[in-house]
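Taking it in order: structure first as structure tokens, then the write-up.
The values are calculated or read from the model by the stated rules, or taken from the named source; none is laboratory data. Just so we're clear, the structure is a prediction, and the values are computed from it rather than from any experiment. No Cβ is skipped: glycine too gets one built from the backbone with ideal geometry, and neighbour counts run over all protein chains shown.
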Amino acid sequence: MRTSNVSYLVKKGITSVWKNFVMSFASFCILLVSLLQVSVTVLFMLNVNIIMNNIENTNEITIYVKDGATQEQKDHIQDVLEKDENLTDIAYKSSEEALEEFKATLDDVAVLFDYLPKNPMPETFLVRVKDLTKISYSVAAISSIDGVDQVKAPYEFAAALVNIRDTFSIIIIAMLVTLIAVSIVVVSNTIRTSVFARREEISIMKYVGATNGFIKLPFFVEGMFIGVLAGCASFGLAWFIYNSVFSLFSAENFSLWQMFGFFNLIPFNKIMWVVLAANCAAGALLGAAGTVISTGKYLKV
Amino acid sequence: MGEYKEMVEMKNVNVRYSSGVDALVDVNLRINDGEFVFIVGENGAGKSTLMKLMMREIVPSSGRVFVNGYNLSRLKGNKIAKFRRSIGVVFQEFRLIQDYTVYENVSFVLRIADQSGKYIRQRVPYVLNLVELNTKAKSRTRELSGGEQQRVAIARALANDPGLLIVDEPTGNLDPRHSLELVGLLKEINRCGTTVIMITHEHELVQYFGGRIINFDKGSITFDRVIGGSDEDE
């Protein structure tokens, strides 16, 4: 098809938005609500992931080194820990450092420890686990290292966190799938109504020799254009909602929330272009998909 | 294409609808290039089914239909669109896009045929001039009278310079004077080389103009002959 005719059809599609304002506005509103719901859910999920990561990062495994372990054994432990890909932030604490830290927590009675014949604190390695679901494998591997006396790990904490994350992921995915499915059905039905109102125009075009592509293109452009407009509006509203929530949790008096890592919420300006592009692309895709589904029936002339 | 001298040829065509009605029964028909033919008959005689067949809106239950060199029984997909662009059709109820202007109603069929903007700008005023509507090019279709809308429909049908023009009951919505003018216009178009098939139930009009007349009754051709028109005597 000639470029001039393609641009004519594109222009027709865009002007149809204003010509069929009521139906266009209905499609716009439905797309806006759908996209906004999906945007807010995705943004919520992203932040919950970050918060969960923050909480996960507070986990710590303590590895007690056997009393009298040789330097060679301690080096071997360090070496094995560093090679384990599930472990991070590996730190060695000597018995002297451990004793000093402990004394610092005791204030006045700390002086009593000066009379002990021998430092009772063991040497330790402190490590964090990257993937909490694999904590038991890591602990088993660490326990078997020569020179390791005992390993203390927050199993219950890890299990609870993994449980919460899994449940949450299932709920979010189910919500997203439902929202997208409902959006496609509602949008295609709305566009179907718009196409139905113009079925006469479509049949005339078929009778005078228009190909399906020629007929569909303006509807396609119209659906995409409404979708992109709805995407932009959804982006603006998501921005407003997000910033309102962000400022709420960033307030100084929310120290409890901050304790759980809420201070690490993603600033909107860091993700705004991705959110805008995703909204516009999803809007265009939904609009176009709705059009393709809806026009087919009226093309059989 | 070009294999058949005939513009329309039907061989042993039968059309039976799913309701069990036999709309056409063993129709054999040949219309040559450049002819002007009246298809007449009462309501339910099979004229509309014949038109649907010639537009490839339906296919025959049996038999073969050739129009403008296309074997319509075997035509599929976008070839149907290509075939329809090769003929011009004027519908009884005009079938114009009411929101479009007169110019747009004619130009969009040229867009469909993927013509250049320059050609469209030359062709549309030419065909509007043929039907004497060049002064109404910018008018919305819904603002026009029935006769004017009929002429827009003819202009649209002529836009692609078709070899065949099928006109369905064109005078159904017109008064006698405009009916005569319209058929006169169709005769003029025919004289320029376009084959014209006019479907009508107005026997008086047919008697007046004369020419080849094919009469349908209960789905069959009851007579096919040429008569002299009274307009030739005037």
Residues of segment A:84-116 that turn out to be among the hydroxyl-bearing types (Ser, Thr, Tyr) and either assigned to a helix (DSSP H, G or I) or touching a Lys or Arg at 6+ places or on another chain (Cβ under 9 Å) (or both), as a count: 4
Out of B:Ser73, B:Ser48, B:Ser86, sole residue that is closer than 24 Å to A:Lys206 by Cα and touching a Leu at 6+ places or on another chain (Cβ under 9 Å): B:Ser86
Tally, over segment A:177-202, of residues that are under 16 Å from B:Ile112 (Cβ atoms) and assigned to a loop (DSSP other than H, G, I, E, B): 0
Residue check for A:Met205: assigned to a helix (DSSP H, G or I) and without any contact (Cβ under 8 Å) to a residue 40 or more places away in the chain: yes
Those residues of segment A:153-176 which are part of a helix (DSSP H, G or I), at pLDDT 80 or above and either more than 17 Å from A:Gln37 (Cβ to Cβ) or polar (S, T, N, Q) (or both), in sequence order: A:Ala160, A:Asn163, A:Ile164, A:Asp166, A:Thr167, A:Phe168, A:Ser169, A:Ile170
Hey, A:Phe113 within 21 Å of A:Lys152 (Cα to Cα), surrounded by 11 or more Cβ atoms within 10 Å (Cβ to Cβ) and at pLDDT below 85 or not: no
Test: residue in segment A:177-188 that is closer than 26 Å to A:Ser34 by Cβ, at pLDDT 80 or above and within 14 Å of another protein chain (Cβ to nearest Cβ): no
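Please give the helices (runs of 4 or more DSSP H) falling wholly within segment A:1-83 in which 2 or more residues are aliphatic (A, V, I, L, M) and within 14 Å of another protein chain (Cβ to nearest Cβ). Quick ask: steps written out before the conclusion?
Details: elements: A:3-19, A:21-56, A:71-83.
Answer list for segment A:1-83: A:3-19.
Does B:Asn190 satisfy the condition of being crowded, with 17+ Cβ neighbours inside 10 Å, at pLDDT 85 or above and of a type outside the set (A, V, I, L, M)? Let's see the steps before the verdict.
Values: crowded, with 17+ Cβ neighbours inside 10 Å: yes; at pLDDT 85 or above: yes; of a type outside the set (A, V, I, L, M): yes.
Considered against the rule, which asks whether it is crowded, with 17+ Cβ neighbours inside 10 Å, at pLDDT 85 or above and of a type outside the set (A, V, I, L, M), B:Asn190 comes out as yes.
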Selection status of A:Phe125, in contact (Cβ under 8 Å) with a residue 12 or more places away in the chain, under 22 Å from A:Ile50 (Cβ atoms) and surrounded by 14 or more Cβ atoms within 10 Å (Cβ to Cβ): no
Residue list for segment B:56-92, restricted to those being surrounded by fewer than 22 Cβ atoms within 10 Å (Cβ to Cβ), in contact (Cβ under 8 Å) with a residue 40 or more places away in the chain and within 13 Å of chain A (Cβ to nearest Cβ): B:Ile58, B:Asn68, B:Tyr70, B:Arg85, B:Ser86, B:Phe91, B:Gln92
Which listed residue, of A:Asn47, A:Asn57, is surrounded by fewer than 16 Cβ atoms within 10 Å (Cβ to Cβ) and either of a type outside the set (Ser, Thr, Tyr) or farther than 25 Å from A:Asn269 by Cβ (or both): A:Asn57
The lone exception for B:Asn105 - which of (1) over 30 Å from A:Lys19 (Cβ atoms); (2) within 12 Å of chain A (Cβ to nearest Cβ); (3) crowded, with 23+ Cβ neighbours inside 10 Å; (4) not hydroxyl-bearing (Ser, Thr, Tyr) it fails: (1)
Complete set of residues in segment A:11-43 that are more than 19 Å from A:Ala181 (Cβ to Cβ), hydrophobic (A, V, I, L, M, F, W, C) and in contact with a Phe, Trp or Tyr (Cβ under 9 Å, 6 or more places away or on another chain): A:Ile14, A:Val17, A:Leu43
Enumerated strands (runs of 3 or more DSSP E) restricted to segment B:20-82, each holding at least 2 residues that are farther than 24 Å from B:Lys5 by Cβ: B:22-32, B:36-41
Hits in segment B:150-176 - residues which are in contact with a helix residue (DSSP H, G or I) (Cβ under 6 Å, 6 or more places away or on another chain) and within 10 Å of B:Val102 (Cβ to Cβ): B:Val152, B:Ala155, B:Arg156
Yes/no for B:Lys187 being in contact (Cβ under 8 Å) with a residue 24 or more places away in the chain and outside any loop (DSSP other than H, G, I, E, B): yes
Whichever residue in segment B:39-55 is of a type in the set (Gly, Ala, Ser) and at negative phi and, among such residues, is farthest from the other protein chains (Cβ to nearest Cβ): B:Ala45
